[in-house]
Amino acid sequence: MKKSTMILLALVLPMLVVAQEWTEHTVDGAFNGARSVYAADIDGDGDMDVLGAAYYLDDITWWENVDGTGQNWSEHTVDGAFDGAHSVYAEDVDGDGDMDVLGAAQAGNSITWWENVNGTGLTWLEHTVDIAFNGAKSVYAKDMDGDGDMDVLGASEALDDITWWENLNGTGLDWAEHIVDGEYNGAHCVYAQDVDGDGDMDVLGAAFIDDEITWWENLDGTGLNWSEHTVADAFDGPQSVYAEDVDGDRDMDVVGAAYLDDDITWWENLDGTGLNWSEHTVDGSFDGANSVYAEDVDGDGDMDLLGTARIGYDIAWWENLDGTGLNWLEHTLSGEFGGATGVYAEDVDGDGDMDLLGAAYNSDEITWWEQPGSPPVQFTVTPFNTVVGADGGNITYSVSIINNTGNLFRGFTYWTTAILPSGNPFGPMISQQFDLQPFQEIDVPLVSQNVPAFAPSGQYSHISNIGVYPVTALVDHFTFTKLGVSSSLARSESDWSVSGFDLPAVSQIALTEDQPLPTEFSVGEAFPNPFNASTKFSISLPVAADLSVVVYNITGQQIMTLADGRYTEGAHQFSFEATGIASGLYFISVTSPDNLDHVQKVMLVR
């Protein structure tokens, strides 16, 4: 094998697994004492706007996402005299179909909502829910009594109160106060979710002084009768609580951030009733953990966690590696986000993936981080059945491999192993070599993996890998269960057989063959053109060069950047993915200093 080919194989795996950089965008860098951040479509134009609460500025503000890209913002003040603004949220409080804004004022002792008078977010009418809610820390909205309108919840640190206000006639003008717990020492955060799976809304809280994470059971669905259940009573200085299905078992688990413990933790709802909990620490050294949230950040179908560390100046997310909530990989967006206090996730730029938002109390920032585009290669294994009887049988699954790049990956291997109920590995059960062509999508719709009768009963993990064997580049897995054991059949390795698996064969091009380099700078014509969802084109570079590829619409507005950096010599493939973009004429501009200045027209037709 020639040296150039050896280098190619050495570079393949790092290219696939390297963490792609998030791009930081400042929404407001002078939002004095930024405490809370949220995102919602305030003006009803179909894209995500950003909201914030600034403690020192006494401001509740929203920033209009002017062109839907998250690059251009127009500031609109909802209330500039909301004393010690601490928390912000958005919901349709009056049921008129547009987004209203809610806030909690710590110094002003107020829970308030502002009516979006004409749905544009430019005219607001203030309505006070409670003006004597001393030390108001947190606000939230949910239908607590099941009558179809939005009620309001709050946490009062000074009163030690967790309270909800009933929206009596659905207009948000008449409220009835209902105290959930009036002795919740240092109540700091409130949230609502169906914790016990009975179809009504329960309440969750974090008590900073009592070191408690608690939920209150909505006994009859009316919100008038509550039963208190402690999730954790030694969680030192909790600042934030949230609920989501972290382990994918279809019940609600609880997530918390402990400021004094430096902890991001989740509690597993063991039987779905909310009465039995198992604690799992995600990060025990997250300095001054201040807020926590859950969202599927990486789009793999399970819940990841997000958090801010006020003392550590960190904003980060933890990847739920196998969907069980037991294995986490931390990704830090910024370690210099001064006094990080608030975190949220939403698709800010409308490109179909989750971006992250943060509020920084010390550095007065409202910021969002743009998630990088599609990973170089996407690899997904989806099970269809996951239970096998004592006499053995088949588990079935599909495999999807998508190459989002213009690179050819030669000599890849797909292989599978299993983790037995004993914890010991077994395999590989199948191993097949293949090439992955530029922009190729491989779908294997139905693979059958036989599980023999003599196999032990219990829970297994099926693990699928791709890479340069035995080094894994990408991995996906699922669990399956065998219900019993039968020893009537002879033991044989062949009993772990696989059928229905067929990947494209390895390329006949020898791995040792050198590919000729381009002799000149050139840009290939986009194809197809006109196009519907996407069009592809190539750029040839005889030597390494800086390259910029930008897409503009007919008005000259920049729509998308496809390349901006230094590229190696050779042919590079690019794709203009037009998801969420209107039909019409677009211009692809390709520039390389002193080498290229090329523009081509492409027509998007829906």
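What the table below lists for this structure:
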| read-out | value |
| --- | --- |
| Helix-derived mean residue ellipticity, 222 nm - over the chain, DSSP H n ≥ 4, -39500 (n - 2.57), to 500 | -1000 deg cm²/dmol |
| Heavy-atom accessible surface of the chain: percent carbon and sulfur, 1.4 Å | 48 |
| Residues listed by number, the range 104-147, amide nitrogen under 12 Å from residue 83 label point at 7 Å toward C-beta | 105-110, 131-136 |
| Net charge over other residues, Cβ less than 10 angstrom from the Cβ of residue 535 (K, R count +1; D, E count -1) | -1 |
| Length added when fully stretched, residue 41-residue 459, from 0.36 nm per residue minus Cα-Cα | 146.1 nm |
| Separation of the residue 532 and residue 582 label points, Cα + 7 Å toward Cβ, nm | 2.2 |
| Percent RCO, i.e. relative contact order, over the chain, from Cα pairs under 8 Å lying at least 6 residues apart | 9 |
| Amide H contacts of residue 180 (H built 1.01 Å from N, under 5 Å, at least 5 apart or other chain) | 162, 163, 164 |
| Net lengthening on full extension, residue 260/residue 398 (0.36 nm per residue, minus Cα-Cα) | 45.1 nm |
| Principal-axis tilt of helix 3-17 within the chain, Cα atoms, nearest 10 degrees | 20 |
| Using θ = phi - 60° and Karplus 6.51 cos²θ - 1.76 cosθ + 1.60, couplings along the range 475-486 (whole Hz; Gly, Pro as x) | 9, 9, 8, 8, 9, 9, 10, 10, 8, x, 9, 10 |
| Label point distance in nm, residue 497-residue 131, each placed 7 Å from Cα along Cα→Cβ | 8.1 |
| Sequence-distant residues sharing a close amide H with residue 563 (under 5 Å, placed H) | 549 |
| Mean separation of Cα contacts under 8 Å, 6 or more apart, over the residue count of the range 415-478: relative contact order % | 36 |
| Label of the coordinate-derived value, Rg and Dmax of the Cα atoms in Å, listed as (1) 26.0, 111; (2) 24.8, 80; (3) 27.3, 79 | (3) |
| Residues residue 26 and residue 177, FRET efficiency given R0 of 56 Å [Cβ-Cβ distance, rounded to 0.05] | 0.90 |
| Pairwise centroid distance, computed over Cα atoms, of the range 536-599 with the range 177-193, Å | 54 |
| Sparse-neighbour loop sites [GluC sites (Glu not before Pro); the range 248-357; at most 13 other C-beta within 10 Å; DSSP] | 336 |
| Cβ-based net charge around residue 434, under 14 Å, with every Lys or Arg adding one and every Asp or Glu removing one | -3 |
| Value of relative contact order over the range 334-441, rounded to a whole percent, pairs C-alpha under 8 Å and six or more apart | 17 |
| For the range 193-200, Karplus couplings with θ = phi - 60° (6.51, -1.76, 1.60), whole Hz, Gly/Pro x | 6, 7, 6, 9, x, 9, x, 10 |
| Residue 290 long-range amide H proximity, modeled H, under 5 Å | 308, 309, 310 |
| Label-reachable residues, the range 469-484, where backbone N falls under 14 Å from a point 7 Å from residue 424's Cα toward its Cβ | none |
| Length released on extending from residue 485 to residue 278, taking residue separation times 0.36 nm less the Cα-Cα span | 71.5 nm |
| Derived scalar couplings ³J(HN,Hα) [the range 546-554; Karplus, 6.51 cos²θ - 1.76 cosθ + 1.60; whole Hz; x for Gly, Pro] | 6, 9, 10, 10, 10, 9, 10, 8, 5 |
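The values are calculated or read from the model by the stated rules, or taken from the named source; none is laboratory data. The model shown is predicted, which means the values in this text are computed figures rather than measured ones. When we count neighbours, we look across all protein chains shown, and the Cβ atoms used for this are built from the backbone with ideal geometry, even at glycine. We work out accessible area using only protein heavy atoms, side chains counted, and drop any ligands, DNA or RNA first. Shrake-Rupley method; radii C 1.70, N 1.55, O 1.52, S 1.80 Å.
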